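All remarks here apply to the structure that follows.
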Amino acid sequence: MNRVLISTLVGWISVCTQYGQAQELKGRVTDPSGASVPGAVVRLYERDSTQQWTTTTDGQGSYRLERLPRGSFLLEARTEGLDQASAVAVRLSTGQSLEQDLKLEIRGLASRVQVTASASSQSTIEAGKAMDVVDGTELSRREEILVGESLRTVTGLRVQQLGGPGSFTRILTRGLRAADTGVLVDGMRFRDAAGVQGDAAAYLGDLQLVGTDRIEVLRGLGSSIYGTNATAGVINLVTDQGGGKAHGEVGGEGGGLGLVRGVARVAGGVKENQLQYSAGVAHLNVNGGVDGVENVRNTSGQGYLLWRPMATASLSGRYWSTWSTVGINSSPYAAPDSNLPASGVIPAIPLAEDQARLADQGLPFQWGNATFAPNLYDPDSRRAGRVSTTQVQWNQQAGARWNYRVSYQNLHSRRENLNGAAGSGYQPAFDSSNLFGGQLDTVQARADVLLARWNTLSAGYEWERESYENPSKDVNPDASQRVNARAAAKQRSNSLFVQDQMRFLNQKLQVGLSGRFQGYSLSTPEFSGGAPQYVGAKFAGAPNAYTGDASVSYFVTGSMTKLRAHAGNGFRSPTLYERLGTSFFWGEFSPLGDPGLRPERTVSTDFGVDQYFSNSKYRASATYFYTRLQEVIGYMELANDPYGRWGGYANMGGGLARGVEVQGEARPYRRLLLTASYTYTNADERNSSLVGGSLRSIRVFPHMVTIVATQEITKRLQLTMDFTGGSNYISGSFFVGSGNRPYEFYGPRKLDAALSYTLPVSDTKSLRFYTRIENMLNQRYFEDGFRTPKAWATAGMKFQF
C-alpha cells in the first residue's frame with residue numbers, strides 16, 4: 001500500500017513539475033506614434049479560468065511577466081487616462097519566451113476583459129450575454145466612494161438610495177425585484193442569510209469602494225452559473241489582486257452633509273510576482289446628512305494575498321469587512337384621508353419643508369395639501385451592522401488540457417436594530433433590540449477541460465450551509481414581562497453544475513451552454529423565550545431546482561457587427577426566514593413562514609446587436625429583454641392555514657418584465673469619451689398587492705436615461721459629468737385604511753460632476769486634488785417617500801505613489 005502511495009505521489013509531482021515549467025511574456029506598451037508609455041498597467045488573463053497576472057511598465061514602457069503556465073491568454077494594458085489597449089489573444093508553449101507589444105488606442109474604443117459571463121476570462125467582444133464593466137479608472141475619474149452610486153449609470157439598473165451616503169440601497173435590474181439581482185465578490189455569492197429574501201440589499205448601502213479593481217455587471221440570467229438570487233442579473237465586485245511595483249494612495253475628503261472620509265490603499269508584488277498583495281481601509285462619517293436627520297459611521301477594510309508556489313498553481317486569500325452604525329428614521333406615512341383622493345393612484349405631494357422641520361422636532365405641524373410625510377427624525381433608533389466575507393482559493397493547471405480550482409468562502413452578517421420610545425409614529429414602550437444574524441459557508445470545486453482548442457468543458461460541485469438567528473430583547477422594568485426571545489434555523493444545499501464553451505470560425509462564433517441542479521435539506525428550527533412554532537411540520541428539503549441557459553454570439557468582421565442572444569430559466573431558493581421566520585409580540589411567537597415552500601421559477605430571454613463604426617470610434621448597441629416570473633414567494637393573507645397563520649409567505653403567481661435597452665459609446669476625439677443609454681421597461685405583477693388592484697410593478701422607471709461624459713482638459717486636469725433621469729414611478733410603501741395604496745412619485749433628474757487635477761511631485765509620486773458635486777440641478781426628489789439630498793459637494797486630496 002505504501003509503495004503504491006509513494007509511486008502515485010512521485011507520478012503526481014512529476015506531472016506538476018512538467019507543467020510547472022515557467023514561460024515568459026514580455027514587450028512594450030506604446031502609443032500610435034511609437035512612443036513608450038511608462039506606468040501602464042498590463043494584465044494577463046488565463047482563458048479557461050479566472051487567474052490573472054499584473055505588472056506595470058517601466059520608464060521605457062517595457063513589461064515582463066515571468067513564471068507563467070502554458071496555455072491561452074488574453075493580454076491588455078490600461079492607463080489612468082482615456083488611452084487603453086484592447087485585449088489581444090496570446091498562446092504560450094512549454095518553455096517559450098514570447099514578445100508581445102501593445103499599442104494604445106488614442107481615438108478608438110478599447111475592448112475589455114471580464115470574467116462574469118461564463119466564470120472564465122472573455123473579451124467583451126466575445127460574450128454572448130449583455131455585459132457592462134465599470135473599471136477602476138472610471139470609478140477614479142468619477143470620484144465614487146460607494147458601490148451603489150457607482151452603478152447608477154449602468155444600463156438597465158435602477159439604483160434606489162433612501163437618503164444620503166450610507167443609506168439603505170436597493171438595485172433593481174430590468175424591472176424585476178431587488179432580490180432578483182445577485183451580488184458576488186470575486187465570483188462567490190454575497191448575500192444576507194438572515195434577510196427576508198436572502199439577497200444583499202441589507203448591506204448594499206454599506207459597501208465602500210476600498211480595494212475593488214472593477215465592477216462587472218451581467219444583465220440577464222445567471223442562475224445556472226451562480227445559483228440563487230441571479231434571475232435578473234449579476235453584479236460582480238472584483239478585488240484588486242495587486243502585482244507589479246508597490247503602489248497605492250492615502251487621502252481624505254470632506255464637505256456637504258457633514259461628510260468626512262479617509263482612505264488608504266497599497267498593492268504590489270514581490271519575487272517576480274510570486275507573491276501578490278493588496279490592502280485598503282476607509283472610514284466614512286456623515287454627521288447630519290439630509291436636513292440634519294441622518295448619521296452614518298462606516299469603517300471598511302479589504303485585503304488580498306496570492307502566492308504562486310509554481311508557475312501552474314496559486315493559493316489566494318481575500319477578506320472584506322464592513323462595520324457600520326446608521327441612524328434609522330421613522331418610515332414615511334400617508335396623510336389623513338381628507339387629503340387623499342377617494343380612489344386610484346395618489347399623487348405624491350410631500351409635507352412642506354418648514355412643516356417637515358417642525359415634525360422632525362416633534363412639534364405640531366400643518367398638512368396643507370400634502371399627501372405624505374417623509375421620513376421624520378428618530379433620535380434613538382439606529383442600526384449597528386457588520387458583514388465580513390473571507391475566501392480561500394487554490395488554482396492549478398494539472399495538465400496540458402485541464403485545470404481545477406477549489407474555493408471556500410465564509411460570509412458572516414449581523415445587523416441589530418435598536419430603538420426606544422422617542423420619535424414619531426409607532427414606537428416601543430421601552431428600549432428594544434432586534435438582531436438578525438446570518439452565516440454562509442460555501443465550498444466549491446470546479447474543473448475546466450480543454451476538449452479541443454475550440455471547446456472547453458467545465459463541471460463542478462458546490463456545498464453550502466446557511467444559518468439564521470433572530471434574538472429579540474427589551475428592557476421592560478417588569479422582569480416578568482421582559483422580552484428575551486430567540487428563533488434560529490439552518491439549511492444546507494448541494495449543487496452540481498456543468499458548462500460548455502465553444503468557439504468556431506476563428507473565434508467569431510461563440511456558443512455557451514450551462515446547467516445546474518440544486519437540492520436542499522432543512523433542520524428543525526429552535527425557539528426560546530416563547531412556545532415553539534411549526535410543531536408537527538415536516539422539515540424536509542424544498543423541491544429541487546433545475547436550471548439551464550444558452551448564449552450565442554457572432555462577430556461579423558467586415559461590418560464590425562456582433563449579434564448575440566441569451567435564453568434560459570432561473571430560480572431563487574426559499575430563504576430560512578420565508579420557510580421558518582416568526583414575529584414576536586405580546587410574549588409569544590407568531591409563524592410567518594412555510595417549511596414546504598417551492599423555489600421561485602423564472603424564464604428569460606434577450607437578444608441584441610452591437611455595432612462599431614469609424615474604426616471603433618463609435619459603438620451602438622440595442623437589446624430586447626423578456627422575463628417571466630412563473631412562480632414567486634410573497635406575503636399574503638391566509639385562511640385555514642396548517643400553522644395557524646393569518647398572514648405569511650406562500651408561493652404565488654409572479655409577473656412579467658420586458659423592454660428595450662439602447663446604448664451608445666463614442667470617442668469623437670482623443671480627449672473626450674461619451675457614453676449614453678436609454679432603457680424602456682414594461683413590468684407588471686400577476687397579483688396586485690395594492691388597494692385598487694394596480695398591477696404596475698413598484699419602484700420601476702418605465703423610462704430611464706443615463707449619460708456620462710469625460711473630458712481630459714489637459715493631461716493633468718480631468719472633468720467627468722454623469723446624469724441619471726427616470727420617469728415617474730409607483731411606490732407601494734404607504735398603508736392607508738385596509739392596505740397599501742399606490743403613490744406616484746416624480747423620477748430623479750440627477751447630474752453629478754467630478755473635477756480633478758494631478759500634480760506630479762516625482763517620477764512615481766503625485767498629488768491629486770479633486771472635487772465632486774452631486775445633484776447639480778438641485779432637484780428635491782423622494783425615494784419611496786424618503787428625503788434625498790439637494791445639491792451638495794465635497795473636496796479632497798490624495799497622495800499617490
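So which lysines can Lys790 reach, going by Cα to Cα under 17 Å and dropping same-chain residues fewer than 8 places off?
Cross-link targets: Lys750.
Take the stretch 618-745, compute every pairwise Cα distance, and split them into 5 Å bins from 0; I just need the percent in each bin.
For the stretch 618-745, the binned pair fractions read 2, 9, 13, 14, 14, 11, 9, 8, 7, 5, 4, 2, 1, 1, 0 percent.
Of Lys103/Lys765; Lys562/Lys715; Lys245/Lys617; Lys26/Lys271, which sit over 22 Å apart, Cα to Cα? Numbers along the way, then the final one.
Numbers: Lys103/Lys765 25 Å; Lys562/Lys715 34 Å; Lys245/Lys617 33 Å; Lys26/Lys271 17 Å.
Among Lys103/Lys765; Lys562/Lys715; Lys245/Lys617; Lys26/Lys271, the Cα-Cα distance tops 22 Å for Lys103/Lys765; Lys562/Lys715; Lys245/Lys617.
Ignoring everything except DSSP H segments at least 4 long, calculate the 222 nm mean residue ellipticity for the chain; use -39,500 (n - 2.57) per segment, divide by total residues, nearest 500. Let's see the in-between values first.
Values: 7 runs with 50 residues, N = 801.
Estimated from H runs of four or more residues: -1500 deg cm²/dmol.
Just how far, in whole angstrom, is the stretch 136-185 from the stretch 683-737 if you go by their alpha carbon centroids?
One Cα centre to the other: 11 Å.
Mind sorting out which of [x] 55.0; [y] 35.3; [z] 38.9 is the real mean projected area of the Cα convex hull in nm² computed from the coordinates?
[y]
Expressed in nm to one decimal, what extension gain is obtained for the pair Ser338 and Lys538 from 0.36 nm per residue of sequence separation less their Cα-Cα distance?
On the way: separation 200, 0.36 × 200 = 72.00 nm, distance 4.93 nm.
Full-extension gain reported as 67.1 nm.
Order of 240-250, 88-98, 152-162 by packing, highest average Cβ count within 10 Å first? Don't skip to the end; give the middle numbers.
Working: 240-250: 19.4, 88-98: 13.9, 152-162: 23.3.
Going from most to least packed, we get 152-162, 240-250, 88-98.
Given a Förster distance of 22 angstrom, what is the FRET efficiency for Asp684 paired with Arg598, based on the Cβ-Cβ distance and rounded to 0.05?
Working: r = 22 Å, r/R0 = 1.01.
Result of the calculation: an efficiency of 0.50.
For the stretch 170-327, give me the percentage of DSSP beta bridges that are antiparallel, rounded to the nearest 5 percent.
On the way: 57 of 62 bridges.
Within the stretch 170-327, antiparallel bridges account for around 90 percent of the total.
Using +1 at the C-beta of Lys and Arg and -1 at the C-beta of Asp and Glu, which of Gly71, Leu751, Thr299 has the Cα lying farthest in the positive direction of the dipole of the chain?
Towards the positive end, the residue furthest out is Gly71.
Based on the alpha-carbon gyration tensor of the stretch 214-296 and its eigenvalue square roots a ≥ b ≥ c, which shape applies: rounded if a/c is under 1.5, prolate if not and a/b is larger than b/c, or oblate?
Working: a/c = 3.82, a/b = 1.11, b/c = 3.43.
Judged from the Cα gyration tensor, the stretch 214-296 comes out oblate (a/c at least 1.5, b/c at or above a/b).
Tell me, rounded to the nearest percent, the portion of alpha carbon pairs in the stretch 38-108 spaced more than 14 Å apart.
Values: 1466 of 2485 pairs.
Roughly 59 percent, once rounded to a whole number.
State, to one decimal in nm, how far the label point of Arg91 lies from the label point of Ala398, with both points 7 Å from Cα in the Cβ direction.
Here the modelled spin labels are 2.4 nm apart.
Measuring from label point to label point, each 7 Å out along Cα→Cβ, what is the Asn455 to Ala479 span in nm?
Computed distance between label sites Asn455 and Ala479 equals 7.4 nm.
Determine ³J(HN,Hα), in whole Hz, for all residues of the stretch 719-728 in sequence, where each value follows from phi through the Karplus function 6.51 cos²θ - 1.76 cosθ + 1.60 and θ = phi - 60°; x replaces Gly and Pro.
10, 10, 10, 9, 10, 10, x, x, 6, 4
Within straight cross-link reach of Lys490, meaning Cα distance under 17 Å, which lysines are found once same-chain residues fewer than 8 apart are removed?
Within the straight-line cut-off, Lys490 pairs with Lys538.
Might you work out the accessible area of Tyr546 for me, using a 1.4 Å probe with all protein chains in place, and round it to the nearest 10 Å²?
150 Å²
Taking a 1.4 Å probe, which of Asp135, Asp337, Asp58 shows the most accessible area, and what order do the others take after it? Provide the component values of the computation, followed by the final result.
On the way: Asp135 20, Asp337 110, Asp58 50 Å².
Sorted by accessible area, descending: Asp337, Asp58, Asp135.
The values are calculated or read from the model by the stated rules, or taken from the named source; none is laboratory data. These numbers were taken from a predicted model, which means no experiment stands behind them. Every residue, glycine among them, receives a Cβ derived from its backbone with ideal geometry; neighbour counts consider all protein chains shown. Just so you know, the surface numbers come from the protein's heavy atoms only, side chains and all, with ligands and any DNA or RNA stripped out. Shrake-Rupley method; radii C 1.70, N 1.55, O 1.52, S 1.80 Å.
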